[in-house]
Amino acid sequence: MTRILLSRMIVLVLFAALVVPVVSHAESVMWNFAFPFRLIDPSPSSDSCWSSMNKNSKKAYIKLHNPNVSVAYHIEAKNADTGQVISCGSTVTQGTKIMFRFIPHEYSDLYWFSLGGSFDTPYGHWIAAAGKPVADMCTYLPEQDFVNTKRTTELSDNVTGDFYVSLSIAPPAKGIAVSGALSCEGVATDPARTCTAEQVGVGTATFDWAATTGNFYGRVFIAEGGSCVPTGSCRTSNNAMQRETGDFSQVPYSMPVPAQSLSCPITVVAPSGSPPTTPSLSSGGACVVGEPHTISMTSTDPDGDDIKYGIDWNADGSIDELVPPTGFVPSGTSQQASRTYATTGEKTVRV
């Protein structure tokens, strides 16, 4: 049995692959890629009217010059009881329940631009297997996919076309691995995990996104046409755009998006006002009547407060001696005290 007395002390044409931390309402990681080549819609060769517009590549409705793509991923940590956001790298009190979760993908997490000109930064789509947003891309012409408007005089008629490109990326597999001072429910593949800050120390939730792929899909809407290419018509292959090689031929291309990872460390501290630990006691063995008998005692305070020890030499519930007699010692500092007994028999000492 122990008693303790304590005191409280109060991107343009360059090839790049980057992971960049982003400061926002949630923790984020971003991947960026700049294509050092052109992408082309693999238009059908049977469309002689349209292909004659493309002197260098006669099977292309649309060319995408050196597109630059960014993909953002977001996570969040919250107090599971209060809903308050907990910043990665911050401190929580022992016993706090924390919900770690992936923030669902939004279309604005995918954005890109091209050197060929742009009305605004087009956004992307999260679609399984990096597929098309719709079966017939000519029926899907949203503003978010609008790239630019071009006019050509290569036909007998002047033709003005509005160019649209969809970026589609397959949602990556996700996982949350936890280590250190956190004890968590669920398994690593859950989209969210609730964890308890059980131990004093540092606990880390590591968010992982698996590697995935993306495709571009192009089409052209004829805003002002002529006899060969009528106004209101649309041209597309309905297939993923391909990479153009040096001889203007085309090869299949699927954009590789590498795996990403983001660590969220949380420091766990003891609640303010927590008592010191139960002292550990040791002595020099059996007592000898008439000779001083020494005991050693050690305790630590979870809050790091300074402490002192109260010794009840005869186990009657009253403190007989304070160690040190005045002031306090730092948490974890071992102290000694001695007592001389005048009678034989078993003695009980409480600290």
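Things to note:
- Inter-residue pairs, beta-carbon under 6 Å, first under 19 Å from residue 96 (Cβ atoms) and in the stretch 177-194, second in a loop (DSSP other than H, G, I, E, B), 6+ apart: 181/199; 183/198; 193/186; 194/80; 194/185
- Every residue from the stretch 206-229 that is aliphatic (A, V, I, L, M) and assigned to a loop (DSSP other than H, G, I, E, B): 210, 211, 229
- When restricted to residues that are of a type in the set (Val, Ile, Thr), more than 29 Å from residue 92 (Cβ to Cβ) and surrounded by fewer than 16 Cβ atoms within 10 Å (Cβ to Cβ), the stretch 270-315 contains 3.
- Taken as a whole, the stretch 230-240 holds at least one residue that is aliphatic (A, V, I, L, M), touching a strand residue (DSSP E or B) at 6+ places or on another chain (Cβ under 8 Å) and part of a loop (DSSP other than H, G, I, E, B).
- Scanning the stretch 241-260 for residues that are in a loop (DSSP other than H, G, I, E, B), open to solvent by 20 Å² or more (accessible area, probe 1.4 Å) and modelled with pLDDT of 85 or more gives 252, 253, 254, 258, 259.
- Within the stretch 316-330, the set of residues being open to solvent by 40 Å² or more (accessible area, probe 1.4 Å) and hydrophobic (A, V, I, L, M, F, W, C) comprises 319, 322, 328.
- Top-ranked residue in the stretch 179-215 [being at pLDDT 95 or above, within 30 Å of residue 129 (Cβ to Cβ) and touching a Ser or Thr at 6+ places or on another chain (Cβ under 9 Å); ranked as surrounded by the fewest Cβ atoms within 10 Å (Cβ to Cβ)]: 213
- Residues that are open to solvent by 60 Å² or more (accessible area, probe 1.4 Å), more than 30 Å from residue 196 (Cα to Cα) and modelled with pLDDT of 95 or more, drawn from the stretch 95-131: 128, 129
- Residue check, residue 169 at pLDDT 95 or above, surrounded by 16 or more Cβ atoms within 10 Å (Cβ to Cβ) and not basic (Lys, Arg): yes
- Of the numbered criteria (1) exposed (fewer than 12 other Cβ atoms within 10 Å of the Cβ); (2) polar (S, T, N, Q); (3) modelled with pLDDT of 95 or more, the one residue 344 fails is (3).
The values are calculated or read from the model by the stated rules, or taken from the named source; none is laboratory data. Because the structure is predicted, anything quoted here is derived from the model rather than measured. Reconstructed Cβ throughout: ideal geometry from the backbone, glycine too, with neighbour counts over all protein chains shown. What goes into the accessible areas is simple: the full protein's heavy atoms, side chains included, and nothing from ligands, DNA or RNA. Shrake-Rupley method; radii C 1.70, N 1.55, O 1.52, S 1.80 Å.
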